[in-house]
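Peer 1: Before anything else, here's the structure in question.
The values are calculated or read from the model by the stated rules, or taken from the named source; none is laboratory data. Worth saying up front: this structure is predicted, and the values here are computed from it rather than measured. Please note: Cβ atoms are built from the backbone with ideal geometry, for glycine as well, and neighbour counts cover all protein chains shown.
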Amino acid sequence: MSALTPGSALGGGLLIGLSAVLWMGFAGRIAGISGMAAGLWPPATTAERAWRCAFLAGLIAGTGIWVFVWGPAPAARPSFPTWLLVLSGLLVGFGTSMSHGCTSGHGVCGIARLSRRSFAATGTFLGVAMLTTYLVRHVLRWA
Amino acid sequence: MSCVGPSRTVAHPPAEAPAPAAIGTDAMPLRVVLAALLVGSLFGLGLAWAGMINPLKVLAFLDLAGAWDGSLVFVLGAAVLLSALGYRIVLRRARPLLEDRFQVPSGDRIDAPLLLGAALFGVGWGIAGYCPGPAISSLAYLNPEALWFVPSLLVGAGLRRVLARRAEPDVERTA
């Protein structure tokens, strides 16, 4: 575990948790990023798109601020296959829409609410992700 | 509470298509947009600080056979603990600060779409090491991988929505 960064991991995790609490307190909603992105698609009213765009713009801005002030941005991976990026994006988009959540929606907010569905979803995507990474890296060696 | 399905909360009564609303009106309060901007920024800051914007760091957690990096355990652990405590306090209130009601998913049935969707998401996450939040936030530094991943994510989500609407056109649903 030589790459472990407990301090920044805890700090970042606390900020993420704080965001979830604040969003529930302000807007009464789960801070689920996949839902916000998917919710930009029709049919969506201008009002529904407005706060989603604002949240995602904030997401980008917050990371931008961190990179600008502290940084650096992570070093780019040496030529990760584009087709795998597209495939993984499609799967993440499709899958999070189908399951109504992702690591923030289910993994953080759902578990925080003690939601059975979120426990099941999180256990599933964590386990499948680990299996997939093993296959891709050590068996198929696609990346 | 009987539920038809997962996040199909009837958040707004069915109505004709509402007239487009300007920011600052009752239909789209400026305060909600501003709160979203602020809270989203904290979230993005947290993702970056935690190192979640680095797909290699995430994959080092998912790769049990490699040089394991357990940082994600601390990230999720801290986030979940703080959220759990905070939710207990916040959800006791009658209503949130800026909206007239809480809109929290109401279902508790573990069904096939939940598990299949989670599995598909897991495959995607395990391939590239991106989940939606960090991929989108990394657009801040024009991460070239995100320029492929994020549009693909949006297409995948849009496709699922179309298929779901075709399968059950009358259900009012959230994303």
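Peer 1: Which helices (runs of 4 or more DSSP H) sit wholly inside the stretch B:28-104 and have at least 3 residues that are closer than 21 Å to A:F55 by Cβ?
Peer 2: The helices (runs of 4 or more DSSP H) meeting that bar are B:30-50, B:71-90.
Peer 1: Which of the following residues is farther than 28 Å from B:P29 by Cβ and at pLDDT below 95: B:A146, B:A164? First the steps, then the outcome.
Peer 2: Working: B:A146 fails: at pLDDT below 95.
B:A164 is the lone residue from the list that is farther than 28 Å from B:P29 by Cβ and at pLDDT below 95.
Peer 1: Within the group B:A60, B:A21, B:A36, which residue is farther than 20 Å from B:P105 by Cβ and either exposed (fewer than 15 other Cβ atoms within 10 Å of the Cβ) or at pLDDT 60 or above (or both)?
Peer 2: On the way: B:A21 fails: either exposed (fewer than 15 other Cβ atoms within 10 Å of the Cβ) or at pLDDT 60 or above (or both); B:A36 fails: farther than 20 Å from B:P105 by Cβ.
Answer to the check: B:A60.
Peer 1: Anything in the stretch A:67-86 that is surrounded by fewer than 24 Cβ atoms within 10 Å (Cβ to Cβ) and either within 7 Å of chain B (Cβ to nearest Cβ) or charged (D, E, K, R) (or both)? List them, or say none.
Peer 2: A:V67, A:A73, A:P74, A:A76, A:R77, A:F80, A:T82, A:L84, A:V86
Peer 1: Ok, one more. Identify the residue in the stretch A:50-66 that is of a type outside the set (G, A, S) and within 7 Å of chain B (Cβ to nearest Cβ) and, among all such residues, is nearest to B:L139 (Cα to Cα). Even if it seems obvious, please write down each step before you answer.
Peer 2: Taking the stretch A:50-66 as the starting set, the residues that turn out to be of a type outside the set (G, A, S) are A:51-53, A:55-56, A:59-60, A:63, A:65-66.
Narrowing the set further to residues that are within 7 Å of chain B (Cβ to nearest Cβ) leaves A:51, A:55-56, A:59-60, A:63, A:65-66.
Working: A:W51: 19, A:F55: 14, A:L56: 10, A:L59: 10, A:I60: 6, A:T63: 9, A:I65: 12, A:W66: 13 Å.
Out of the qualifying residues, it is A:I60.
Peer 1: Any residue at all in the stretch B:5-13 that is of a type in the set (S, T, N, Q), at pLDDT below 95 and out of contact with any helix residue (DSSP H, G or I) (no Cβ under 9 Å at 6 or more places or on another chain)?
Peer 2: Within the stretch B:5-13, the first condition is being of a type in the set (S, T, N, Q), and the residues that meet it are B:7, B:9.
Narrowing the set further to residues that are at pLDDT below 95 leaves B:7, B:9.
Checking the rest, the ones that are also out of contact with any helix residue (DSSP H, G or I) (no Cβ under 9 Å at 6 or more places or on another chain) come to B:9.
Checked against the condition, which is being of a type in the set (S, T, N, Q), at pLDDT below 95 and out of contact with any helix residue (DSSP H, G or I) (no Cβ under 9 Å at 6 or more places or on another chain), the stretch B:5-13 yields at least one hit.
Peer 1: Taking only the stretch A:7-42 into account, find how many residues are of a type in the set (A, V, I, L, M, F, W, C), buried (at least 24 other Cβ atoms within 10 Å of the Cβ) and more than 7 Å from chain B (Cβ to nearest Cβ).
Peer 2: Residues flagged as of a type in the set (A, V, I, L, M, F, W, C), buried (at least 24 other Cβ atoms within 10 Å of the Cβ) and more than 7 Å from chain B (Cβ to nearest Cβ) within the stretch A:7-42 amount to 1.
Peer 1: Inspect the stretch B:153-167 for any residue being closer than 25 Å to B:K57 by Cβ and more than 18 Å from the chain's Cα centre (by Cα) and give the result as yes or no.
Peer 2: No: zero hits.
Peer 1: Okay, next question. Could you check how many residues of the stretch A:87-125 are more than 7 Å from chain B (Cβ to nearest Cβ) and among the aromatic types (F, W, Y)?
Peer 2: Within the stretch A:87-125, residues that are more than 7 Å from chain B (Cβ to nearest Cβ) and among the aromatic types (F, W, Y) number 1.
Peer 1: Among the residues of the stretch B:72-129, write down those that are of a type in the set (A, V, I, L, M), touching a Lys or Arg at 6+ places or on another chain (Cβ under 9 Å), closer than 20 Å to A:G95 by Cβ and surrounded by fewer than 23 Cβ atoms within 10 Å (Cβ to Cβ).
Peer 2: B:L72, B:I110
Peer 1: Scan (1) touching a helix residue (DSSP H, G or I) at 6+ places or on another chain (Cβ under 7 Å); (2) surrounded by fewer than 19 Cβ atoms within 10 Å (Cβ to Cβ) for the single condition A:T45 breaks and write down its number.
Peer 2: (1)
Peer 1: Something else now. Restricting the search to the stretch A:19-56, which residues are among the small types (G, A, S), out of contact with any Lys or Arg (no Cβ under 9 Å at 6 or more places or on another chain) and closer than 13 Å to B:A35 by Cβ? Explain how you work it out, then say what you get.
Peer 2: So the first thing to find is which residues in the stretch A:19-56 are among the small types (G, A, S), and the list is A:19-20, A:25, A:27-28, A:31-32, A:34-35, A:37-39, A:44, A:47, A:50, A:54.
Now restrict to residues that are out of contact with any Lys or Arg (no Cβ under 9 Å at 6 or more places or on another chain): A:19-20, A:27, A:31-32, A:34, A:47, A:50, A:54.
Hits for the stretch A:19-56 are A:S19, A:A27, A:A31, A:A50, A:A54.
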